[in-house]
Amino acid sequence: MKIRTFVRHIREGVKSVFRNGWMTVASISAMSVSLLILGLFMMLAINVNQFAQHLESQVEIRVFLKVNTAEEDVSRMEFDLESMPAVKNVTFVSKQQALSYLRTVFKDDQSFLDGLEGENNPLNESFTVEVKEPRDVSTVAKAIENWDQQEPKPIIERLRWGQGTVEELFRWTEIIRNVGLVFVGLLGLTSMFLIANTIKLTIIARRREISIMKLVGATNSFIRWPFFIEGIFLGVIGSMIPASALIYGYYRLTQSEQFQHFLGFVQLVDWQTIAYPLGGLLLVIGLVIGAWGSIFSVRKFLKV
Amino acid sequence: MIEMHDVWKTYPDGTHALRGVNIKVHKNEFVYVVGPSGAGKSTFMKLMYREEMPTKGQIFLDNFNLGRLKQRKIPYVRRNIGVIFQDYRLLQKLTVFENVAFAMEVIEAPKKLIKKRAMEVLELVNLQDKLSNYPTQLSGGEQQRVSIARAIVNNPSVIIADEPTGNLDPETSWGIMRILEEINFRGATIVMATHNKEIVNTLRKRVIAIEKGIIVRDELRGEYGYED
Ligand SMILES: Nc1ncnc2c1ncn2[C@@H]1O[C@H](COP(=O)(O)OP(=O)(O)O)[C@@H](O)[C@H]1O
Ligand SMILES: [Mg+2]
(Lines give C-alpha, C1' and ligand atoms only; values in the text may rest on other atoms or scores of the structure.)
(Ligands and ions follow the chains in the order given, each with its own letter.)
Protein backbone atom coordinates (compact mmCIF):
# COMPACT_ATOMS: atom_id res chain seq x y z
CA MET A 1 0.00 0.00 0.00
CA LYS A 2 1.29 3.42 -0.92
CA ILE A 3 1.58 6.09 1.75
CA ARG A 4 -0.93 8.33 -0.02
CA THR A 5 -3.41 5.46 0.05
CA PHE A 6 -2.87 5.01 3.77
CA VAL A 7 -3.43 8.72 4.32
CA ARG A 8 -6.56 8.41 2.20
CA HIS A 9 -7.84 5.55 4.37
CA ILE A 10 -7.37 7.59 7.53
CA ARG A 11 -9.08 10.60 5.98
CA GLU A 12 -12.00 8.51 4.74
CA GLY A 13 -12.31 6.71 8.07
CA VAL A 14 -12.54 9.96 9.99
CA LYS A 15 -14.92 11.50 7.44
CA SER A 16 -17.09 8.42 7.72
CA VAL A 17 -17.56 9.06 11.44
CA PHE A 18 -19.25 12.35 10.56
CA ARG A 19 -20.93 11.22 7.35
CA ASN A 20 -22.79 8.38 9.01
CA GLY A 21 -24.68 10.68 11.37
CA TRP A 22 -27.16 8.56 13.27
CA MET A 23 -25.20 5.33 12.88
CA THR A 24 -22.20 6.94 14.55
CA VAL A 25 -24.45 8.24 17.31
CA ALA A 26 -25.98 4.78 17.75
CA SER A 27 -22.60 3.04 17.97
CA ILE A 28 -21.14 5.59 20.35
CA SER A 29 -24.23 5.54 22.56
CA ALA A 30 -24.25 1.76 22.77
CA MET A 31 -20.58 1.76 23.65
CA SER A 32 -20.85 4.64 26.15
CA VAL A 33 -23.78 3.14 28.00
CA SER A 34 -22.28 -0.35 28.26
CA LEU A 35 -18.86 0.92 29.26
CA LEU A 36 -20.44 3.31 31.77
CA ILE A 37 -22.13 0.40 33.52
CA LEU A 38 -18.99 -1.69 33.29
CA GLY A 39 -16.86 1.16 34.65
CA LEU A 40 -19.30 1.84 37.47
CA PHE A 41 -19.10 -1.76 38.53
CA MET A 42 -15.33 -1.76 38.26
CA MET A 43 -15.11 1.27 40.57
CA LEU A 44 -17.31 -0.50 43.06
CA ALA A 45 -15.19 -3.65 42.76
CA ILE A 46 -11.93 -1.74 43.24
CA ASN A 47 -13.31 -0.12 46.38
CA VAL A 48 -14.69 -3.32 47.80
CA ASN A 49 -11.33 -4.93 47.13
CA GLN A 50 -9.47 -2.14 48.90
CA PHE A 51 -11.85 -2.41 51.83
CA ALA A 52 -11.28 -6.15 52.00
CA GLN A 53 -7.54 -5.55 51.86
CA HIS A 54 -7.86 -3.00 54.62
CA LEU A 55 -9.74 -5.45 56.82
CA GLU A 56 -7.17 -8.12 56.12
CA SER A 57 -4.24 -5.86 56.91
CA GLN A 58 -5.72 -5.24 60.36
CA VAL A 59 -5.00 -8.81 61.17
CA GLU A 60 -2.06 -9.17 63.57
CA ILE A 61 -0.66 -11.58 66.16
CA ARG A 62 -0.37 -10.61 69.79
CA VAL A 63 2.26 -12.61 71.67
CA PHE A 64 1.76 -12.28 75.43
CA LEU A 65 4.81 -13.15 77.51
CA LYS A 66 4.82 -14.76 80.93
CA VAL A 67 5.13 -12.37 83.85
CA ASN A 68 8.66 -11.75 85.00
CA THR A 69 10.33 -12.97 81.84
CA ALA A 70 14.02 -12.13 81.92
CA GLU A 71 15.04 -9.14 79.82
CA GLU A 72 17.50 -11.10 77.69
CA ASP A 73 14.78 -13.66 76.86
CA VAL A 74 12.56 -10.83 75.70
CA SER A 75 15.27 -9.46 73.39
CA ARG A 76 16.02 -12.93 72.06
CA MET A 77 12.33 -13.43 71.30
CA GLU A 78 12.18 -10.07 69.54
CA PHE A 79 15.22 -10.96 67.45
CA ASP A 80 13.77 -14.38 66.58
CA LEU A 81 10.44 -12.89 65.58
CA GLU A 82 12.03 -10.25 63.41
CA SER A 83 14.14 -12.78 61.57
CA MET A 84 11.10 -14.80 60.47
CA PRO A 85 10.73 -14.28 56.69
CA ALA A 86 6.92 -14.09 56.84
CA VAL A 87 7.00 -11.32 59.43
CA LYS A 88 6.73 -7.69 58.36
CA ASN A 89 6.99 -5.81 61.62
CA VAL A 90 7.43 -6.51 65.32
CA THR A 91 6.52 -4.02 68.06
CA PHE A 92 7.26 -4.54 71.71
CA VAL A 93 4.56 -3.42 74.15
CA SER A 94 5.85 -2.96 77.67
CA LYS A 95 3.73 -3.26 80.82
CA GLN A 96 3.74 0.51 81.12
CA GLN A 97 2.53 0.97 77.53
CA ALA A 98 -0.19 -1.61 78.04
CA LEU A 99 -1.41 0.30 81.05
CA SER A 100 -1.40 3.63 79.20
CA TYR A 101 -3.38 1.99 76.48
CA LEU A 102 -5.99 0.84 78.97
CA ARG A 103 -6.17 4.36 80.34
CA THR A 104 -7.03 5.71 76.93
CA VAL A 105 -9.68 3.03 76.46
CA PHE A 106 -11.37 3.67 79.82
CA LYS A 107 -10.72 7.36 79.85
CA ASP A 108 -14.01 8.28 81.59
CA ASP A 109 -13.63 5.97 84.55
CA GLN A 110 -10.08 4.83 85.10
CA SER A 111 -10.07 4.90 88.88
CA PHE A 112 -9.83 1.10 88.98
CA LEU A 113 -6.48 1.35 87.24
CA ASP A 114 -5.00 3.48 90.00
CA GLY A 115 -2.44 1.69 92.08
CA LEU A 116 -1.37 -0.59 89.30
CA GLU A 117 1.65 1.54 88.46
CA GLY A 118 5.24 0.30 88.54
CA GLU A 119 5.89 -2.80 90.63
CA ASN A 120 2.20 -3.50 90.98
CA ASN A 121 1.47 -3.65 87.23
CA PRO A 122 -0.09 -7.09 86.61
CA LEU A 123 -0.21 -6.77 82.85
CA ASN A 124 1.84 -8.95 80.52
CA GLU A 125 4.53 -7.66 78.27
CA SER A 126 3.71 -8.49 74.70
CA PHE A 127 4.75 -8.31 71.05
CA THR A 128 2.53 -7.16 68.23
CA VAL A 129 3.52 -9.09 65.12
CA GLU A 130 2.40 -7.97 61.65
CA VAL A 131 2.79 -10.53 58.90
CA LYS A 132 3.56 -9.78 55.28
CA GLU A 133 0.68 -11.90 53.93
CA PRO A 134 -2.41 -11.59 56.14
CA ARG A 135 -3.44 -15.02 54.92
CA ASP A 136 -0.40 -16.58 56.64
CA VAL A 137 -1.39 -15.33 60.03
CA SER A 138 -2.55 -18.68 61.46
CA THR A 139 0.49 -20.55 60.17
CA VAL A 140 2.88 -17.97 61.53
CA ALA A 141 1.14 -17.88 64.91
CA LYS A 142 1.30 -21.65 65.22
CA ALA A 143 4.96 -21.67 64.20
CA ILE A 144 5.81 -19.12 66.89
CA GLU A 145 3.97 -21.16 69.49
CA ASN A 146 5.76 -24.32 68.36
CA TRP A 147 9.28 -23.13 68.53
CA ASP A 148 8.72 -21.47 71.87
CA GLN A 149 7.52 -24.76 73.30
CA GLN A 150 10.66 -26.47 72.08
CA GLU A 151 12.79 -24.05 74.07
CA PRO A 152 13.99 -25.42 77.42
CA LYS A 153 12.11 -22.59 79.12
CA PRO A 154 9.07 -21.39 77.14
CA ILE A 155 8.29 -17.71 77.71
CA ILE A 156 5.00 -17.32 75.83
CA GLU A 157 1.91 -17.34 77.95
CA ARG A 158 -0.59 -17.17 75.09
CA LEU A 159 -1.05 -15.98 71.51
CA ARG A 160 -4.02 -14.15 70.09
CA TRP A 161 -4.74 -13.60 66.39
CA GLY A 162 -8.51 -13.81 66.19
CA GLN A 163 -8.52 -17.56 65.74
CA GLY A 164 -11.61 -18.57 63.73
CA THR A 165 -12.73 -14.98 62.99
CA VAL A 166 -9.73 -14.46 60.73
CA GLU A 167 -10.51 -17.50 58.63
CA GLU A 168 -14.11 -16.33 58.36
CA LEU A 169 -12.97 -12.88 57.25
CA PHE A 170 -10.77 -14.32 54.53
CA ARG A 171 -13.54 -16.57 53.34
CA TRP A 172 -15.83 -13.55 52.88
CA THR A 173 -13.30 -11.24 51.25
CA GLU A 174 -12.49 -14.09 48.86
CA ILE A 175 -16.16 -14.55 47.97
CA ILE A 176 -16.65 -10.81 47.47
CA ARG A 177 -13.61 -10.65 45.18
CA ASN A 178 -14.70 -13.60 43.07
CA VAL A 179 -18.26 -12.38 42.72
CA GLY A 180 -16.91 -8.98 41.68
CA LEU A 181 -14.61 -10.57 39.12
CA VAL A 182 -17.39 -12.68 37.65
CA PHE A 183 -19.70 -9.67 37.44
CA VAL A 184 -17.10 -7.48 35.76
CA GLY A 185 -16.35 -10.33 33.34
CA LEU A 186 -20.01 -10.88 32.48
CA LEU A 187 -20.66 -7.18 32.08
CA GLY A 188 -17.59 -6.92 29.86
CA LEU A 189 -18.80 -9.71 27.61
CA THR A 190 -22.31 -8.29 27.44
CA SER A 191 -21.08 -4.86 26.46
CA MET A 192 -18.77 -6.36 23.84
CA PHE A 193 -21.69 -8.23 22.33
CA LEU A 194 -23.98 -5.22 22.43
CA ILE A 195 -21.44 -2.87 20.87
CA ALA A 196 -20.27 -5.29 18.20
CA ASN A 197 -23.89 -5.86 17.29
CA THR A 198 -24.57 -2.16 16.87
CA ILE A 199 -21.50 -1.74 14.68
CA LYS A 200 -22.66 -4.71 12.66
CA LEU A 201 -26.04 -3.09 12.09
CA THR A 202 -24.40 0.10 10.87
CA ILE A 203 -22.29 -1.90 8.45
CA ILE A 204 -25.21 -3.96 7.13
CA ALA A 205 -26.75 -0.62 6.24
CA ARG A 206 -23.67 -0.02 4.12
CA ARG A 207 -23.54 -3.34 2.30
CA ARG A 208 -24.73 -1.68 -0.90
CA GLU A 209 -21.81 0.74 -0.74
CA ILE A 210 -19.39 -2.08 -0.11
CA SER A 211 -20.63 -4.04 -3.11
CA ILE A 212 -20.35 -0.98 -5.34
CA MET A 213 -16.78 -0.43 -4.22
CA LYS A 214 -15.95 -4.01 -5.08
CA LEU A 215 -17.55 -3.74 -8.52
CA VAL A 216 -15.44 -0.67 -9.22
CA GLY A 217 -12.33 -2.76 -8.53
CA ALA A 218 -11.50 -2.11 -4.88
CA THR A 219 -9.61 -4.82 -3.02
CA ASN A 220 -10.87 -6.11 0.30
CA SER A 221 -8.18 -4.37 2.28
CA PHE A 222 -8.87 -1.10 0.49
CA ILE A 223 -12.46 -1.31 1.71
CA ARG A 224 -11.57 -2.59 5.13
CA TRP A 225 -9.06 0.07 6.18
CA PRO A 226 -11.41 3.05 6.45
CA PHE A 227 -13.86 0.89 8.39
CA PHE A 228 -11.03 -0.12 10.70
CA ILE A 229 -10.00 3.51 11.27
CA GLU A 230 -13.62 4.45 11.79
CA GLY A 231 -14.02 1.65 14.32
CA ILE A 232 -10.98 2.86 16.22
CA PHE A 233 -12.38 6.38 16.33
CA LEU A 234 -15.73 5.12 17.57
CA GLY A 235 -13.86 3.11 20.19
CA VAL A 236 -11.89 6.12 21.42
CA ILE A 237 -14.90 8.43 21.56
CA GLY A 238 -17.25 5.77 22.93
CA SER A 239 -14.87 4.87 25.76
CA MET A 240 -13.58 8.32 26.63
CA ILE A 241 -17.08 9.73 27.19
CA PRO A 242 -17.99 7.21 29.92
CA ALA A 243 -14.44 7.25 31.32
CA SER A 244 -14.40 11.02 31.79
CA ALA A 245 -17.93 11.01 33.18
CA LEU A 246 -17.06 8.25 35.66
CA ILE A 247 -13.75 9.74 36.75
CA TYR A 248 -15.26 13.21 37.19
CA GLY A 249 -18.22 11.79 39.10
CA TYR A 250 -15.91 9.75 41.30
CA TYR A 251 -13.70 12.77 41.92
CA ARG A 252 -16.73 14.75 43.10
CA LEU A 253 -17.76 11.85 45.29
CA THR A 254 -14.38 11.60 47.00
CA GLN A 255 -14.48 15.37 47.63
CA SER A 256 -17.94 15.25 49.16
CA GLU A 257 -17.86 15.39 52.98
CA GLN A 258 -21.48 14.36 53.16
CA PHE A 259 -20.76 11.16 51.30
CA GLN A 260 -17.71 10.40 53.45
CA HIS A 261 -19.90 10.97 56.49
CA PHE A 262 -22.43 8.53 55.07
CA LEU A 263 -19.73 5.91 54.51
CA GLY A 264 -18.44 6.24 58.04
CA PHE A 265 -15.07 4.57 58.59
CA VAL A 266 -14.92 3.06 55.08
CA GLN A 267 -12.21 4.85 53.10
CA LEU A 268 -12.70 5.46 49.35
CA VAL A 269 -9.80 4.74 47.00
CA ASP A 270 -8.16 7.99 45.77
CA TRP A 271 -9.59 9.24 42.52
CA GLN A 272 -6.10 9.41 40.96
CA THR A 273 -5.49 5.78 41.81
CA ILE A 274 -8.68 4.82 40.00
CA ALA A 275 -8.46 7.22 37.04
CA TYR A 276 -5.58 5.65 35.11
CA PRO A 277 -6.45 1.95 35.30
CA LEU A 278 -10.13 2.67 34.68
CA GLY A 279 -9.53 5.09 31.79
CA GLY A 280 -6.89 2.80 30.33
CA LEU A 281 -9.00 -0.31 30.55
CA LEU A 282 -12.11 1.31 29.07
CA LEU A 283 -9.99 2.75 26.25
CA VAL A 284 -8.47 -0.64 25.46
CA ILE A 285 -11.88 -2.33 25.52
CA GLY A 286 -13.29 0.44 23.29
CA LEU A 287 -10.42 0.15 20.81
CA VAL A 288 -10.56 -3.62 20.63
CA ILE A 289 -14.32 -3.71 20.18
CA GLY A 290 -14.32 -0.85 17.67
CA ALA A 291 -11.57 -2.32 15.52
CA TRP A 292 -12.67 -5.93 15.84
CA GLY A 293 -16.35 -5.08 15.41
CA SER A 294 -15.78 -3.23 12.17
CA ILE A 295 -13.33 -5.71 10.64
CA PHE A 296 -15.47 -8.66 11.60
CA SER A 297 -18.73 -7.19 10.32
CA VAL A 298 -17.31 -6.02 6.99
CA ARG A 299 -15.89 -9.44 6.24
CA LYS A 300 -19.23 -10.96 5.34
CA PHE A 301 -20.02 -8.38 2.68
CA LEU A 302 -16.70 -8.49 0.91
CA LYS A 303 -17.48 -11.64 -1.04
CA VAL A 304 -18.91 -9.76 -4.02
CA MET B 1 -11.61 -10.76 -25.56
CA ILE B 2 -14.93 -12.00 -24.13
CA GLU B 3 -16.11 -15.57 -24.63
CA MET B 4 -19.08 -17.50 -23.29
CA HIS B 5 -19.43 -21.24 -23.68
CA ASP B 6 -22.87 -22.71 -23.11
CA VAL B 7 -23.68 -20.28 -20.31
CA TRP B 8 -26.82 -20.77 -18.25
CA LYS B 9 -28.01 -18.55 -15.46
CA THR B 10 -30.82 -19.48 -13.13
CA TYR B 11 -31.44 -17.08 -10.23
CA PRO B 12 -32.01 -18.54 -6.75
CA ASP B 13 -35.76 -17.93 -7.13
CA GLY B 14 -35.82 -20.23 -10.15
CA THR B 15 -35.93 -17.59 -12.91
CA HIS B 16 -34.07 -18.82 -15.98
CA ALA B 17 -32.38 -15.62 -17.14
CA LEU B 18 -29.98 -17.16 -19.67
CA ARG B 19 -30.30 -20.50 -21.41
CA GLY B 20 -27.26 -21.78 -23.26
CA VAL B 21 -25.48 -18.67 -24.48
CA ASN B 22 -22.43 -18.96 -26.76
CA ILE B 23 -20.70 -15.80 -27.81
CA LYS B 24 -17.35 -14.39 -28.81
CA VAL B 25 -16.61 -10.67 -28.69
CA HIS B 26 -13.29 -9.64 -30.21
CA LYS B 27 -10.91 -7.01 -29.03
CA ASN B 28 -11.90 -3.51 -30.14
CA GLU B 29 -15.39 -4.59 -31.17
CA PHE B 30 -18.47 -2.44 -30.49
CA VAL B 31 -21.50 -4.61 -29.73
CA TYR B 32 -25.10 -3.62 -29.11
CA VAL B 33 -27.19 -6.00 -27.02
CA VAL B 34 -30.89 -5.62 -27.77
CA GLY B 35 -34.09 -7.38 -26.78
CA PRO B 36 -37.31 -6.81 -24.82
CA SER B 37 -37.01 -6.03 -21.13
CA GLY B 38 -36.64 -9.11 -18.98
CA ALA B 39 -34.93 -10.89 -21.87
CA GLY B 40 -31.66 -11.33 -19.95
CA LYS B 41 -29.51 -8.48 -21.27
CA SER B 42 -28.42 -7.22 -17.87
CA THR B 43 -27.72 -10.74 -16.67
CA PHE B 44 -25.65 -11.38 -19.78
CA MET B 45 -23.51 -8.35 -18.96
CA LYS B 46 -23.32 -8.92 -15.20
CA LEU B 47 -21.68 -12.25 -15.91
CA MET B 48 -18.87 -10.45 -17.77
CA TYR B 49 -17.60 -8.52 -14.76
CA ARG B 50 -18.51 -11.29 -12.35
CA GLU B 51 -21.27 -9.54 -10.47
CA GLU B 52 -23.15 -12.78 -11.10
CA MET B 53 -21.74 -16.25 -11.57
CA PRO B 54 -23.10 -18.60 -14.24
CA THR B 55 -25.11 -21.61 -13.07
CA LYS B 56 -23.46 -23.59 -15.84
CA GLY B 57 -20.88 -22.92 -18.55
CA GLN B 58 -17.66 -20.98 -18.80
CA ILE B 59 -16.82 -17.32 -19.31
CA PHE B 60 -13.45 -15.98 -20.39
CA LEU B 61 -12.43 -12.38 -20.18
CA ASP B 62 -9.04 -11.45 -21.56
CA ASN B 63 -8.07 -15.14 -21.20
CA PHE B 64 -9.08 -15.23 -17.51
CA ASN B 65 -11.54 -17.99 -16.72
CA LEU B 66 -13.94 -15.98 -14.57
CA GLY B 67 -15.30 -19.08 -12.86
CA ARG B 68 -11.85 -20.18 -11.74
CA LEU B 69 -10.64 -16.76 -10.70
CA LYS B 70 -9.33 -16.51 -7.14
CA GLN B 71 -11.22 -14.06 -4.91
CA ARG B 72 -8.04 -12.01 -4.48
CA LYS B 73 -7.59 -11.54 -8.22
CA ILE B 74 -11.12 -10.37 -9.01
CA PRO B 75 -10.51 -6.67 -8.20
CA TYR B 76 -7.57 -6.55 -10.60
CA VAL B 77 -9.60 -8.03 -13.44
CA ARG B 78 -12.41 -5.57 -12.76
CA ARG B 79 -10.04 -2.62 -13.03
CA ASN B 80 -9.76 -3.29 -16.75
CA ILE B 81 -13.52 -3.10 -17.10
CA GLY B 82 -15.51 0.10 -16.93
CA VAL B 83 -19.10 -0.65 -16.03
CA ILE B 84 -21.94 1.80 -16.68
CA PHE B 85 -24.70 0.44 -14.48
CA GLN B 86 -28.33 0.53 -15.49
CA ASP B 87 -29.16 1.61 -11.94
CA TYR B 88 -26.10 3.94 -11.72
CA ARG B 89 -24.69 2.43 -8.49
CA LEU B 90 -23.26 5.65 -7.13
CA LEU B 91 -21.87 5.89 -3.62
CA GLN B 92 -24.57 7.93 -1.92
CA LYS B 93 -22.28 9.43 0.71
CA LEU B 94 -19.82 10.79 -1.84
CA THR B 95 -20.11 13.83 -4.08
CA VAL B 96 -20.08 13.62 -7.87
CA PHE B 97 -16.36 14.38 -7.95
CA GLU B 98 -15.57 11.92 -5.14
CA ASN B 99 -17.51 9.15 -6.85
CA VAL B 100 -15.37 9.47 -9.96
CA ALA B 101 -12.19 9.99 -7.94
CA PHE B 102 -12.92 6.81 -5.99
CA ALA B 103 -12.32 4.65 -9.05
CA MET B 104 -8.87 6.21 -9.34
CA GLU B 105 -8.07 6.00 -5.62
CA VAL B 106 -8.65 2.28 -5.90
CA ILE B 107 -5.76 1.98 -8.34
CA GLU B 108 -3.65 4.24 -6.11
CA ALA B 109 -3.29 7.04 -8.63
CA PRO B 110 -1.50 10.17 -7.43
CA LYS B 111 -3.76 12.88 -6.06
CA LYS B 112 -2.88 15.48 -8.67
CA LEU B 113 -3.58 13.09 -11.51
CA ILE B 114 -6.89 12.10 -9.90
CA LYS B 115 -7.96 15.73 -9.75
CA LYS B 116 -6.93 16.45 -13.34
CA ARG B 117 -8.38 13.32 -14.88
CA ALA B 118 -11.62 13.30 -12.89
CA MET B 119 -12.28 16.90 -13.89
CA GLU B 120 -11.55 15.99 -17.48
CA VAL B 121 -14.13 13.20 -17.71
CA LEU B 122 -16.71 15.14 -15.72
CA GLU B 123 -16.39 17.97 -18.25
CA LEU B 124 -16.75 15.39 -21.00
CA VAL B 125 -20.16 14.36 -19.64
CA ASN B 126 -20.98 18.00 -18.94
CA LEU B 127 -21.17 17.79 -15.16
CA GLN B 128 -18.50 20.35 -14.30
CA ASP B 129 -21.12 22.44 -12.47
CA LYS B 130 -22.26 19.60 -10.21
CA LEU B 131 -18.92 18.51 -8.76
CA SER B 132 -19.89 18.82 -5.11
CA ASN B 133 -23.48 17.65 -5.42
CA TYR B 134 -24.52 14.37 -3.86
CA PRO B 135 -26.27 11.71 -5.98
CA THR B 136 -29.60 12.39 -4.26
CA GLN B 137 -29.41 15.96 -5.53
CA LEU B 138 -29.14 14.84 -9.17
CA SER B 139 -31.69 13.87 -11.81
CA GLY B 140 -31.66 10.35 -13.23
CA GLY B 141 -29.87 11.53 -16.35
CA GLU B 142 -27.20 13.32 -14.33
CA GLN B 143 -26.58 10.26 -12.17
CA GLN B 144 -26.26 8.20 -15.33
CA ARG B 145 -23.59 10.58 -16.58
CA VAL B 146 -21.66 10.27 -13.31
CA SER B 147 -21.75 6.50 -13.74
CA ILE B 148 -20.41 6.95 -17.29
CA ALA B 149 -17.63 9.29 -16.13
CA ARG B 150 -16.61 6.81 -13.45
CA ALA B 151 -16.59 3.94 -15.95
CA ILE B 152 -14.25 5.67 -18.37
CA VAL B 153 -11.97 7.54 -15.98
CA ASN B 154 -9.31 4.81 -15.81
CA ASN B 155 -9.26 4.19 -19.59
CA PRO B 156 -10.36 0.56 -19.25
CA SER B 157 -9.85 -1.86 -22.10
CA VAL B 158 -13.47 -3.04 -21.88
CA ILE B 159 -16.58 -0.92 -21.35
CA ILE B 160 -19.79 -2.64 -20.33
CA ALA B 161 -22.68 -0.24 -20.63
CA ASP B 162 -26.15 -1.26 -19.50
CA GLU B 163 -28.60 1.12 -21.19
CA PRO B 164 -26.25 4.09 -20.75
CA THR B 165 -28.62 6.46 -22.53
CA GLY B 166 -31.77 5.14 -20.88
CA ASN B 167 -32.45 8.34 -18.99
CA LEU B 168 -30.89 10.90 -21.28
CA ASP B 169 -32.48 13.31 -23.73
CA PRO B 170 -31.61 12.68 -27.41
CA GLU B 171 -28.98 15.41 -27.54
CA THR B 172 -27.11 14.15 -24.47
CA SER B 173 -27.50 10.58 -25.72
CA TRP B 174 -25.67 11.44 -28.91
CA GLY B 175 -22.99 13.16 -26.86
CA ILE B 176 -22.47 9.97 -24.85
CA MET B 177 -22.33 7.91 -28.05
CA ARG B 178 -19.62 10.19 -29.38
CA ILE B 179 -17.60 9.55 -26.21
CA LEU B 180 -18.06 5.78 -26.47
CA GLU B 181 -17.08 5.78 -30.15
CA GLU B 182 -13.99 7.81 -29.33
CA ILE B 183 -12.99 5.31 -26.62
CA ASN B 184 -13.69 2.47 -29.03
CA PHE B 185 -11.60 4.19 -31.65
CA ARG B 186 -8.69 4.30 -29.19
CA GLY B 187 -8.84 0.52 -28.79
CA ALA B 188 -11.40 -0.34 -26.12
CA THR B 189 -13.96 -3.12 -26.52
CA ILE B 190 -17.51 -1.97 -25.91
CA VAL B 191 -20.62 -4.00 -25.05
CA MET B 192 -23.73 -1.88 -24.74
CA ALA B 193 -27.28 -2.94 -23.97
CA THR B 194 -29.80 -0.49 -25.34
CA HIS B 195 -33.41 0.20 -26.22
CA ASN B 196 -32.46 3.15 -28.39
CA LYS B 197 -33.61 2.21 -31.89
CA GLU B 198 -32.37 5.43 -33.49
CA ILE B 199 -28.84 5.00 -32.23
CA VAL B 200 -28.60 1.34 -33.21
CA ASN B 201 -29.92 2.02 -36.67
CA THR B 202 -27.75 5.07 -37.24
CA LEU B 203 -24.38 4.11 -35.77
CA ARG B 204 -24.29 0.67 -37.32
CA LYS B 205 -22.41 -1.94 -35.26
CA ARG B 206 -22.66 -5.62 -34.40
CA VAL B 207 -26.06 -6.39 -32.87
CA ILE B 208 -26.81 -9.30 -30.56
CA ALA B 209 -30.49 -9.85 -29.83
CA ILE B 210 -31.54 -11.79 -26.74
CA GLU B 211 -35.04 -13.10 -26.12
CA LYS B 212 -36.08 -15.18 -23.14
CA GLY B 213 -32.46 -15.91 -22.30
CA ILE B 214 -31.47 -17.11 -25.76
CA ILE B 215 -29.43 -15.34 -28.43
CA VAL B 216 -31.84 -15.15 -31.36
CA ARG B 217 -29.82 -12.94 -33.67
CA ASP B 218 -26.18 -11.92 -34.10
CA GLU B 219 -25.40 -9.64 -37.08
CA LEU B 220 -22.22 -7.74 -37.86
CA ARG B 221 -23.92 -4.55 -39.08
CA GLY B 222 -27.30 -5.22 -37.63
CA GLU B 223 -30.47 -3.26 -37.05
CA TYR B 224 -32.46 -2.72 -33.88
CA GLY B 225 -35.24 -4.90 -35.22
CA TYR B 226 -38.00 -4.12 -32.70
CA GLU B 227 -40.87 -1.66 -32.81
CA ASP B 228 -40.69 0.34 -29.59
N1 LIG C 1 -31.34 -10.92 -8.92
C2 LIG C 1 -32.36 -11.52 -9.56
N3 LIG C 1 -33.07 -12.47 -8.91
C4 LIG C 1 -34.09 -13.09 -9.53
N5 LIG C 1 -34.47 -12.85 -10.79
C6 LIG C 1 -33.79 -11.91 -11.48
C7 LIG C 1 -32.70 -11.20 -10.89
N8 LIG C 1 -32.22 -10.34 -11.81
C9 LIG C 1 -32.95 -10.50 -12.92
N10 LIG C 1 -33.89 -11.45 -12.73
C11 LIG C 1 -34.85 -11.94 -13.70
O12 LIG C 1 -34.13 -12.48 -14.76
C13 LIG C 1 -34.73 -12.14 -16.00
C14 LIG C 1 -33.73 -11.36 -16.86
O15 LIG C 1 -33.50 -10.11 -16.25
P16 LIG C 1 -32.48 -9.04 -16.84
O17 LIG C 1 -31.21 -9.73 -17.12
O18 LIG C 1 -32.44 -7.90 -15.90
O19 LIG C 1 -33.21 -8.62 -18.17
P20 LIG C 1 -33.08 -7.29 -19.04
O21 LIG C 1 -31.86 -6.56 -18.61
O22 LIG C 1 -33.01 -7.77 -20.45
O23 LIG C 1 -34.31 -6.50 -18.81
C24 LIG C 1 -35.97 -11.35 -15.66
O25 LIG C 1 -37.06 -12.22 -15.64
C26 LIG C 1 -35.70 -10.82 -14.28
O27 LIG C 1 -36.89 -10.66 -13.56
MG1 LIG D 1 -31.56 -4.64 -17.88
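The values are calculated or read from the model by the stated rules, or taken from the named source; none is laboratory data. In this text, all values refer to a predicted model and were calculated from it rather than measured experimentally. Glycine also receives a Cβ, built like all others from the backbone with ideal geometry; neighbour counts cover every protein chain displayed.
At-a-glance table
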quantity: Hits in region B:75-92 (condition: without any contact (Cβ under 8 Å) to a residue 40 or more places away in the chain and either touching a helix residue (DSSP H, G or I) at 6+ places or on another chain (Cβ under 8 Å) or within 16 Å of ligand 1 (Cβ to nearest atom) (or both)); calculated: B:Pro75, B:Arg78, B:Asp87
quantity: Those residues of region B:32-56 which are surrounded by fewer than 20 Cβ atoms within 10 Å (Cβ to Cβ) and not in a loop (DSSP other than H, G, I, E, B), in sequence order; calculated: B:Lys56
quantity: Count of region B:87-100 residues which are within 8 Å of chain A (Cβ to nearest Cβ) and among the hydrophobic types (A, V, I, L, M, F, W, C); calculated: 2
quantity: First in region B:23-48 and without any contact (Cβ under 8 Å) to a residue 40 or more places away in the chain, second anywhere and more than 15 Å from ligand 1 (Cβ to nearest atom) and outside any loop (DSSP other than H, G, I, E, B), Cβ under 9 Å, 6 or more apart; calculated: B:Lys24/B:Ile2; B:Lys24/B:Glu3
quantity: Residue identified as at pLDDT 80 or above, among the hydroxyl-bearing types (Ser, Thr, Tyr) and more than 22 Å from A:Ser27 (Cβ to Cβ) among A:Thr165, A:Thr219; calculated: A:Thr219
quantity: Candidate set from region A:64-74 (those that are part of a helix (DSSP H, G or I) and under 17 Å from A:Gln97 (Cα atoms)); member that is modelled with the highest pLDDT; calculated: A:Val74
quantity: Residue that is farthest from B:Glu52 (Cα to Cα) [pool: residues in region A:258-304 that are modelled with pLDDT of 80 or more and within 14 Å of chain B (Cβ to nearest Cβ)]; calculated: A:Arg299
quantity: Tally of residues being buried (at least 16 other Cβ atoms within 10 Å of the Cβ) and more than 9 Å from every other protein chain (Cβ to nearest Cβ) across region B:70-81; calculated: 0
quantity: Failed condition for B:Ile84, given (1) surrounded by 22 or more Cβ atoms within 10 Å (Cβ to Cβ); (2) within 10 Å of chain A (Cβ to nearest Cβ); calculated: (2)
quantity: Helices (runs of 4 or more DSSP H) wholly inside region B:67-132 containing at least 1 residues that are over 18 Å from B:Ser147 (Cβ atoms); calculated: B:74-78, B:111-124
quantity: Yes/no for B:Met48 being within 16 Å of ligand 2 (Cβ to nearest atom) and at pLDDT 95 or above; calculated: yes
